1. Please work out the FRET efficiency for the pair residue 287 and residue 160, using the Cβ-Cβ distance as r and a Förster radius of 35 Å; give the result to the nearest 0.05.
2. Angle, helix 159-168 long axis vs. longest principal axis of the chain, Cα atoms, 0 to 90°, nearest 10?
3. Going highest first, how would you order 299-305, 228-234 by mean Cβ packing within 10 Å?
4. When the helices in the chain are scored as -39500 (n - 2.57) per DSSP H run of 4 or longer and the sum is shared across all residues, what 222 nm value do you end up with, to the nearest 500 deg cm²/dmol?
5. Per q in 0.08, 0.09, 0.17, 0.19 Å⁻¹, report the Debye log10 I(q)/I(0) for segment 57-217, using one uniform scatterer on each alpha carbon and no solvent.
6. Over segment 27-122, what is the mean sequence separation of C-alpha contacts under 8 Å (at least six apart), divided by residue count, expressed as relative contact order in percent?
7. Quote to one decimal, in nm, the extra length available between residue 207 and residue 35 on full extension: 0.36 nm per residue of separation minus the C-alpha distance between them.
8. Can you check how the C-alpha radius of gyration of segment 53-114 compares to 2.2 N^0.38 Å, as a plain ratio?
């Protein structure tokens, strides 16, 4: 037994005892990280008239660049005007400068989820861009207070124009420069209303069932460049190639960085969204399908004293593309939502303010047996 003890000690020295830190034999297999900045291989821009019926505030007005009209329709029965003695339109103001307007019967049927400056519904164009109407001034007013009541002259309406009001509602035109923000039917408490008085002190009140504003801009062809905007939708298309990123990489950071130029705004906070295209961008871009939910959003705070950098976190989107390269049809920079307060941002194509994608990715550890 005594002879075996020195041998056991020797075995422990050479086999069982290791004074190096655990894992020191795998130091060359620790995951590595790398960073890269990518520029878009494709950039394009286009504008599009979009339906604005989902807005909680409707714009009415005109300035050097934009113009907007308001459509309102009420759930009137066929007998609504039988024995009617008077009629009033009630509008709730969100904010505005004092400005005048005129109310006319709308002459073409329209749909709230499709009506735009050009379209009455998804297939029917207005005969006149900006909405079709009977050339009858039903009433007029000037925004000055939070609530405005406009007397509508029933005596000016014949059987056809009465039917137009009942079926299609009214179209409101600005009379001055400036803009008024009008509350929509998004909130029942402040929705546009139509009050009709009948004999024996009977009065019926109808809240709007459909309302929308129609927006156009005079600046569609102004200069070169790319834009993001709402009211009139301006979209910028970007596509980045990820051929240099290994498919096995884990995307730790992916920030889309650019410095937009504020060309027009009606608010100090502008929301930008990123949407993933579901198919290749067409030549005009007008029929490109993109994801229903934004892949990223940023509340861009307008700083009047300096240009601010917009940074959008695209980590999950880039991870999806590196794992599914055939799905990389690019992205759209859009206003979020496009029916929000009117604004327009310029996007540079090249230079320090132009869009770039800053990536940080991590590779998995090598197989310890190779």
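Just so you know, all these numbers are worked out from the coordinates, no wet-lab data involved. Keep in mind it's a predicted model, so treat the numbers as computed, not measured. All Cβ positions, glycine included, derive from the backbone under ideal geometry; neighbour counts span all protein chains shown.
1. After rounding to 0.05, the efficiency reads 0.45.
2. 20 degrees
3. Listed from highest to lowest mean packing, they are 228-234, 299-305.
4. -2000 deg cm²/dmol
5. -0.21, -0.26, -0.98, -1.24
6. Once divided by the residue count of segment 27-122, the mean separation gives 36 percent.
7. On the way: separation 172, 0.36 × 172 = 61.92 nm, distance 5.69 nm.
Taking 0.36 nm per residue and subtracting the Cα distance, the gain is 56.2 nm.
8. Normalised Cα radius of gyration, segment 53-114: 1.38.
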